[in-house]
């Protein structure tokens, strides 16, 4: 008896130590006893597979279970032949082929990728990791039929190697070219699995291995399990692959890959944390506790002193707002992005690390160590099935989780520019090397940066000291400046706190344990989807209108205190506040909390000292309203002087004219410099300017 896929001959001659018929009989008994109804259900649905749980097999026959781990190919084939003995129908003139998959292998068979050795060859093992690359699905030949031109004999050749084999001679004695009649093909796809960061010790480089998926493992339903960024558990057989040198000869060194038998996705995002009834009872107790809200915030980062507003915002960020998809397919993101800009040693990185610990699916990247491709996605040469493959970056890998980006200001300009689409549209589009793809990157971003000159200047405006492009800053819902200014009382408390932690490291325990906090957030995100009440809408609307009106009062300079982007941020914050209480409705107090946090940020970052008003343009465009007003006045003066004295205008004349309109020379020079940079004017000779 011969197989199409593995080509193993079940005869006493081929395997003296292996009783194939006995194994087939045992599998038939097991399927009849426990899996027959499931088999029929799968066939009716069109699923050509049967998943057998290893514990069931071990209970039924321990020897057969042991044999599966040591001789997986033979045992799997025996199981498939046992299934064929049931009358399940016919496909293309031959009995229906059902693949048998084995799940729930024992922990003894679980190995880290770095620990796979030659002793594991042709054994069944379990690996766990993150999918980094994925190739296209391609057909692979498993068997070919050839006809002898001399005698008409049909020869069946099994294709087990990576190279295509033809028959060398026929039974009639003929050697040479044979006529190929047909090929049997299966779908094949290569993925690259990398060790998960959480299982590694500090400084270890995560190791990778190629995994080959065939048949039903590359069906559209399984595709989602193995998309780049997914965490998977793979049961498979370790195989060796010959390495071919440039001359075409095989090397003595071989490569390893895993022939997958069963793939399941591993628990990762907030939406997949499993909760028991006891967990849910504890979660509801916390929500009903009058001090529940304060307890959650106090458990955010108890070892870091102060920063109550920031801790509250980070907790709301993890709760997140509600994602809405409208009829016209326009999506309102529910994720909030937060930027912390602060002096060195203020504990920003500690906060980021703590958030990365609480969030089930998180990635931590840092400044110079992150590139644009490393954050979004890159197209790499696929050595496995040849061609090109997508490799997911940190924002894609953290989809449905949190991506913490430290030292944002140290990143290159092009690398930061790659984040724009991921922050607002929550997708990553790649169009390189004939690969056009859009990956989902529903990651919440928490970023930290230092001010332009390393430390905040207390006398300058904060907005001027944030050395990031305005377009990127504008995508962050909340921006917190963290200033480290000497303050006797505060410094004394901080020193006591830090020294106390050094004396007794476990003195500051969170009121709610980290595991429980993680489950609380997961429960809120899975089951609580708050909607706005009319009172909350009215509160947010009146604040928004009041802020917009405040910019247009007093004639002169038109400041823009708040934009529709901040309006959406308010909604997200209010929804997150309701989620924290496990409430399905956003009340007026949630809206007030959102307004309080946003106002706190705007007053620190967006205050224009000249007008004494909040001006969002300081952050959003880099040019404040008063500055923009000065530029408009200088432009008017240039137009008037050009009409009077010709193309070349003296800068002295511009300054004198500006004085009559209430502008001092410093502001005029600043406006002229801005216009020169934008290319509106140029300097034909020293002391004179001309309009372009």
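All of the numbers you see were taken from the coordinates with simple rules; none came from a lab. For clarity, every value in this text was computed on a predicted model and none was experimentally measured. Counting neighbours? That spans all protein chains shown, and the Cβs are built from the backbone with ideal geometry, glycine included.
Would you compute, from DSSP H runs of 4+ residues alone, the mean residue ellipticity of the chain at 222 nm, taking -39500 (n - 2.57) per run and dividing by the full residue count, rounded to the nearest 500? Before the final figure, lay out the partial values.
Values: 25 runs with 258 residues, N = 692.
One gets -11000 deg cm²/dmol as the mean residue ellipticity at 222 nm.
Based on the Cβ-Cβ distance from residue 437 to residue 682, what FRET efficiency comes out when R0 is 41 Å, to the nearest 0.05?
Numbers: r = 44 Å, r/R0 = 1.08.
That pair, residue 437 with residue 682, gives E of 0.40.
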Task: Per-selection metrics, segment 263-383 (Cα): Rg and Dmax in Å - done: 18.2, 59
- [ ] Write down, largest first, the equivalent ellipsoid semi-axes of segment 272-526 in whole Å, where each equals the square root of 5 times an eigenvalue of the alpha-carbon gyration tensor.
- [x] 32, 26, 17
- [ ] Please report the relative contact order for the chain, taking Cα pairs under 8 Å with a sequence separation of at least 6, and give it as a percent rounded to a whole number.
- [x] 10 percent
- [ ] For the chain, find the longest principal axis of its Cα atoms and tell me its angle to the long axis of helix 588-605, 0 to 90°, nearest 10.
- [x] 70 degrees
Open item on the list: Two decimals, Cα atoms only, Kirkwood Rh: what is Rg/Rh over segment 118-266?
Closed with: 1.08
Open item on the list: If you build the convex hull over the alpha carbons only and average its shadow over all orientations, what do you get for the chain? Give it in nm² to one decimal.
Closed with: 44.7 nm²
Open item on the list: Given axes a ≥ b ≥ c from the Cα gyration tensor, I'd like to know whether segment 20-104 is rounded (a/c under 1.5), prolate (a/b larger than b/c) or oblate.
Closed with: prolate
Open item on the list: Over the Cα atoms, compute the radius of gyration (one decimal) and Dmax (the largest Cα-Cα distance, rounded to a whole number) for segment 625-691, in Å.
Closed with: 10.7, 31
- [ ] Return the percentage of antiparallel bridges among DSSP beta bridges fully within the chain, rounded to the nearest 5 %.
- [x] 70 percent
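Would you calculate the convex hull of the Cα atoms in segment 58-132 and tell me its volume per residue in Å³? Let's see the in-between values first.
Values: hull volume 11.1 nm³, N = 75.
Convex hull volume per residue, Cα atoms: 149 Å³.
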Task: Crossing angle, helix 36-45 versus the chain [Cα axis fit, 0-90 degrees, rounded to tens] - done: 60 degrees
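Could you compute how fast segment 418-541 diffuses translationally, taking Rh as the Kirkwood radius over C-alpha pairs and applying Stokes-Einstein at 10 °C with viscosity 1.306 mPa s? Give it in µm² per second. Show your work: numbers first, answer last.
Working: Rh = 20.0 Å.
It diffuses with D of about 79 µm²/s by this estimate.
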Task: Pairwise centroid distance, computed over Cα atoms, of segment 303-375 with segment 642-674, Å - done: 46 Å
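Quick one: compute the contact order of segment 118-266, relative version, from alpha carbon pairs under 8 angstrom and 6+ residues apart, as a percent. Please report the intermediate quantities before stating the final value.
Details: 303 pairs, mean separation 42.9, N = 149.
After rounding, I find 29 percent.
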TODO: Calculate how steeply helix 308-319 sits against the longest principal axis of the alpha-carbon atoms of the chain, using the helix alpha-carbon long axis, and give the answer as 0 to 90 degrees to the nearest 10.
DONE: 40 degrees
